[in-house]
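What follows is a single structure, written as structure tokens, with notes after it.
The values are calculated or read from the model by the stated rules, or taken from the named source; none is laboratory data. This structure is a prediction, so every number in the text was calculated from the model and none was measured. Counting neighbours? That spans all protein chains shown, and the Cβs are built from the backbone with ideal geometry, glycine included. Side chains included, ligands, DNA and RNA excluded: accessible areas come from the protein's heavy atoms. Shrake-Rupley method; radii C 1.70, N 1.55, O 1.52, S 1.80 Å.
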Amino acid sequence: MGQTRKERIKKITSIGGSALIEGIMMRGPQKVMVAVRTGENDIYTQELPFESLPSKYRIFKIPLIRGFAGMVDSMRLSYKALSISADKAIESIPEDEQEEPSKLEKWLDEKFGEKLVGAIMTLSMIIGVALSILIFFMVPTWLYNLISGALGSNDGMSWVGDRFFRSLFEGIIRIILFLLYIVLCSRMPDMKRVFQYHGAEHKTIFCYESDEELTVSNVKKHTRFHPRCGTSFLVIMLIVGIVIGLFIPITNPVLRTAVKLLLLPVTCGIGYEFIRICGRYDNKITRIIAAPGLWAQRITTKEPDDRMIEVAIKAMKAVIPENGEDILRTKSDV
């Protein structure tokens, strides 16, 4: 008598999210929900009103263009969600553990209040973007120019002026700097917890895609590496950037950086389409494309504890639409 195997359903969903300070943001087709751990048994939730660029302007639904719009939307959402989680994290600190604000801090709070916090966060973002441009765009070009200047006159070293080797060198340096940055971040205790929440987010989405009940025990058994992750998106963008660099003949670090920044929407668009394909299909080609990003997720995701998973489940359940609008495709294995 033959053994009957149970049918296994695999759902590919559009739901995604990001890790916050002691919390998670989940984004569905109809809702965006922020869930933050504020106490031993307390989880604060807040729906985040949001209108995406594609929903307002049809041009951002076009392939390649929609990738850049998606990145802008993610940055806008992340900024709002991080602000909420930071506020709740501060509020959850017991009063006896909070430091007494200085006279200057009290004066600034009385005069400017929330405007000051917003200004500081905006300034921090501007400085962060400027440093990213300097480190990830200008430094690799400057290093290559330095090496080519030192070795270019030697016999047999004509490769230093080759456009292919320039782009490859810059791309490898950029990837090394990126990996070094996230490794250093993972060493910080607070960031390690963020990476654990990142793992909880991925596991919860996988549990839902496996058509299983969203419980802590079910979520725990799933992998923390997801092909639609932002980490994978960044890694693919870095690799795509190597190819795009082949078509940029400029060698001046400032001008080359300016051109690459202007071409950033193209890089984002191509990277987004690759991520979209890898998220929807599982075959030999998509596994090869997704492999570098999944490897990098070993750094940016960590195994979560049960309380972190509870936060992820809370956020996830709130954004699942009843009409199945989030399901991109479904497949069954018998």
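Please compute one quarter of the surface area of the Cα convex hull for segment 122-271 and express it in square nanometres. Don't skip to the end; give the middle numbers.
Numbers: hull surface 47.9 nm².
Over all viewing directions, segment 122-271 projects a mean Cα-hull area of 12.0 nm².
On the accessible surface of segment 11-68, probed at 1.4 Å, how many percent belong to carbon and sulfur atoms? All intermediate terms of the calculation are to be shown ahead of the outcome.
On the way: 1560 of 2980 Å².
That fraction is 52 percent.
Could you tally the net charge around Thr257, taking each other residue with its Cβ under 15 Å from the Cβ of Thr257, Lys/Arg +1 and Asp/Glu -1?
+3
Could you calculate the FRET efficiency of Thr223 with Glu325 from 1/(1 + (r/R0)^6), where r is the beta carbon distance between them and R0 is 41 Å, rounded to 0.05?
Working: r = 26 Å, r/R0 = 0.62.
With a Förster radius of 41 Å, E is 0.95.
So if I take the centroid of the Cα atoms in segment 176-209 and the same for segment 260-275, what is the distance between those two points in Å?
23 Å
Could you grab the Rg to Rh ratio for segment 185-276? Cα atoms only, Kirkwood for Rh. If you can, show how the numbers build up before the last one.
Details: Rg = 18.2 Å, Rh = 15.7 Å.
So for segment 185-276, dividing Rg by the Kirkwood Rh gives 1.15.
For Ser52, Ser132, what's the largest-to-smallest order of accessible area, 1.4 Å probe? Numbers along the way, then the final one.
On the way: Ser52 25, Ser132 50 Å².
Correct descending sequence by accessible area is Ser132, Ser52.
What residues have an amide H closer than 5 Å to that of Leu20, excluding those fewer than 5 places away on the same chain, when H is modeled at 1.01 Å from N in the peptide plane?
Long-range HN contacts for Leu20: Met25.
Relative contact order for segment 168-230 using alpha-carbon pairs under 8 Å, separation at least 6, rounded to a whole percent?
Numbers: 32 pairs, mean separation 15.6, N = 63.
Answer for segment 168-230 is 25 percent.
Would you tell me the accessible area of Met138, worked out with a 1.4 angstrom probe on the heavy atoms of the protein chains, in Å² to the nearest 10?
50 Å²
Just for the Cα atoms in segment 178-334, what are the lengths along the principal axes, largest first, rounded to whole Å?
Here the Cα extents, ordered largest to smallest, are 55, 39, 27 Å.
With r as the distance between the Cβ atoms of Glu273 and Asn252 and R0 = 30 Å, compute the FRET efficiency 1/(1 + (r/R0)^6) and round to 0.05.
Once rounded, the FRET efficiency stands at 0.45.
Any chance you could run the full-extension gain for Arg298 through Leu146? It's 0.36 nm times the residue separation minus the Cα-Cα distance, nm to one decimal.
Details: separation 152, 0.36 × 152 = 54.72 nm, distance 3.34 nm.
Gain on stretching Arg298 to Leu146: 51.4 nm.
On full extension of the chain, what length is gained from Ile182 through Glu212, given 0.36 nm per residue of separation minus the C-alpha to C-alpha distance?
That pair, Ile182 and Glu212, stretches by 7.6 nm at full extension.
Order Arg37, Arg76, Arg187, Arg224, most accessible first, counting only protein heavy atoms with a 1.4 angstrom probe.
Numbers: Arg37 20, Arg76 80, Arg187 185, Arg224 40 Å².
Putting Arg37, Arg76, Arg187, Arg224 in descending order of accessible area: Arg187, Arg76, Arg224, Arg37.
Quick one: ranking Met125, Met25 by accessible area, 1.4 Å probe, largest first, what do you get? List each step's numbers first, then the result.
Numbers: Met125 85, Met25 10 Å².
Of Met125, Met25, the descending order of accessible area is Met125, Met25.
Report, by chain and number, residues whose modeled amide H sits under 5 Å from the one on Ile43, excluding near sequence neighbours (fewer than 5 apart, same chain).
Sorted by chain and number, the residues that satisfy this are Thr38.
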